[in-house]
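> After the structure tokens below, expect a handful of questions from me.
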Amino acid sequence: MTNRTIHLHYPRLPSGLASYPRVVLTRRPDLLAVDNPPEFEVRVDNVRIDPAKVAEYAAVCRFDADRARNGYVPVTYPHVLAMPLHLRIMGTEAFPLRPMGLIHVSNAISSPGEIRAGSALSLVVRARNYRKTDAGLLFDMDTEIGQDGQPVWNETCVFMSRWPESAQRTGSRPPRPPKAPKDSEVLAEFEVTQGTAWSYARVSRDFNPIHLSDRAARFFGLRGAISHGMWSLARSLAERPADPPASAARLETQFLTPVQLPARVNIKQWYEQGGARRAMCDVRTGRVHMYAYWTLGSAPAAAAA
């Protein structure tokens, strides 16, 4: 569905915050008119992780901040490192989709090597693999992080731009999010507020206004502000830390419905197909906002708990 690739190379990691005016204000074509969208590849070398910033992130997401100060990098943190490159792609005039209308559908992370704070890293981010579905136009945002010429962390974020209501290809409503099994273990229960969203925005540099302001969220078609999906994932993993069971493992995540702020949620765990699943659920309805699990090859592997 594409026939060209736009290459960008930066001498240093750009500011994500500086990209937001273009992300928000750049005009985009009508989604139905998008045809053969270009792919993108953005590269930056010699990026170093600051242990103090990792510790701040860890504290907000409830990972062990003391371990982070000593070089530990939570498996979700490199997403934050790559975010400025995601935003640079979305802020270019050639990017055809409206960034503020994108839905983060799923996520897959693998960490074949160990990332240590202070090491020199190379980052490559690619937007590619556009495909049409009944619900909308999907594409992958792939991130590859290398260290000393070897891959140490990979991620695929799947985003969707939903078709206009007038062009919906099915008359049925999307299915309601499932509920966690009745025998799920509740690991934690807590409130999520806009204060939570602002705290995560400061440590992740993800200042998307739909997470920080009811008014802005409504302007972009939502009922109100929603929490960051990657915060939901990180917070769920941090409860009784669930680290990769092996270097070949892949963390699969499905984002089903956003956490509407304010909310009371819990983190649940259950076992399915021989492996542990973590979910963030609505306390009142029991519905799953997101769930994640580790896979090893084609079979799920239990998360450490």
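> Under a Cβ-only charge scheme (Lys and Arg +1, Asp and Glu -1), can you give me the dipole magnitude of the chain about the Cα centre, in debye to the nearest 20? Each step should come with its number before you reach the end.
On the way: 38 positive and 29 negative charges, 162 e Å.
My answer is approximately 780 debye.
> Using only alpha-carbon positions, what ratio does the radius of gyration of the range 1-166 give when scaled by 2.2 N^0.38 Å? Before the final figure, lay out each step's value.
On the way: Rg = 16.7 Å, N = 166, 2.2 N^0.38 = 15.3 Å.
Relative to the 2.2 N^0.38 Å estimate, the range 1-166 comes out at 1.09.
> Can you compute the FRET efficiency between F207 and L296 using 1/(1 + (r/R0)^6), with r the Cβ-Cβ distance and R0 = 35 Å? Round to the nearest 0.05.
Numbers: r = 36 Å, r/R0 = 1.02.
Working from the Cβ atoms, E equals 0.45.
> So what is the calculated 222 nm ellipticity per residue for the chain, using -39500 (n - 2.57) for each DSSP H run with n of 4 or more, over all residues, to the nearest 500 deg cm²/dmol? Write down the numbers at each step before the final one.
Values: 7 runs with 64 residues, N = 305.
Calculated from helices alone, the mean residue ellipticity at 222 nm is -6000 deg cm²/dmol.
> To continue, here is another question. How about the range 179-210: which trypsin sites (Lys or Arg not before Pro) there are in a DSSP loop, with at most 11 other Cβ atoms within 10 Å of their Cβ? All intermediate terms of the calculation are to be shown ahead of the outcome.
Numbers: sites: K179, K182, R202, R205; in loops: K182, R205.
For trypsin sites (Lys or Arg not before Pro) across the range 179-210 that sit outside H, G, I, E and B with at most 11 neighbouring Cβ atoms in 10 Å, the list reads K182.
> Going toward the positive end of the dipole of the range 1-166, with +1 on Lys and Arg Cβ and -1 on Asp and Glu Cβ, which of L25, L97, W163 do you reach last?
L25
> Quick one: the Cα spread of the chain along its three principal axes, in angstroms, biggest first?
49, 47, 39
> Multiplying the sequence separation of A59 and T193 by 0.36 nm and subtracting their Cα-Cα distance, what value in nm do you get?
Details: separation 134, 0.36 × 134 = 48.24 nm, distance 1.65 nm.
Net length gain for the segment: 46.6 nm.
> Here is a follow-up. If I model a spin label as a point 7 Å beyond the Cα along the Cα-Cβ vector, how far apart are those points for E165 and S119 in nm?
5.0 nm
> What is the distance, in nm, between label points placed 7 Å from the Cα along the Cα-to-Cβ direction at R12 and at A248?
Inter-label distance under the simple model: 4.1 nm.
> Classify the range 177-305 as rounded, prolate or oblate, taking a ≥ b ≥ c as the square roots of the eigenvalues of its Cα gyration tensor: rounded when a/c is under 1.5, otherwise prolate if a/b is larger than b/c and oblate if not.
Details: a/c = 2.17, a/b = 1.68, b/c = 1.29.
Prolate shape, in that a/c is at least 1.5 and a/b is the bigger ratio.
> Applying 1/(1 + (r/R0)^6) with R0 = 25 Å to the Cβ-Cβ distance of D30 and D214, what FRET efficiency is obtained, to the nearest 0.05?
Details: r = 27 Å, r/R0 = 1.09.
For D30 and D214, the calculated efficiency is 0.35.
> Give, in nm to one decimal, the length gained when the segment between Q273 and N129 is fully stretched (0.36 nm per residue of separation minus the Cα-Cα distance).
Details: separation 144, 0.36 × 144 = 51.84 nm, distance 2.95 nm.
Answer, rounded to one decimal: 48.9 nm.
> Assuming R0 = 45 Å, can you tell me the calculated FRET efficiency for the pair V186 and N70, based on Cβ-Cβ distance, to the nearest 0.05?
Numbers: r = 31 Å, r/R0 = 0.69.
Once rounded, the FRET efficiency stands at 0.90.
No value in this document is a laboratory result; all are computed from the given coordinates. Here the structure is a predicted model, which is why all the values come from computation and not from measurement. For neighbour counting, all protein chains shown are included, and Cβ atoms are generated from backbone atoms with ideal geometry for every residue, glycine included.
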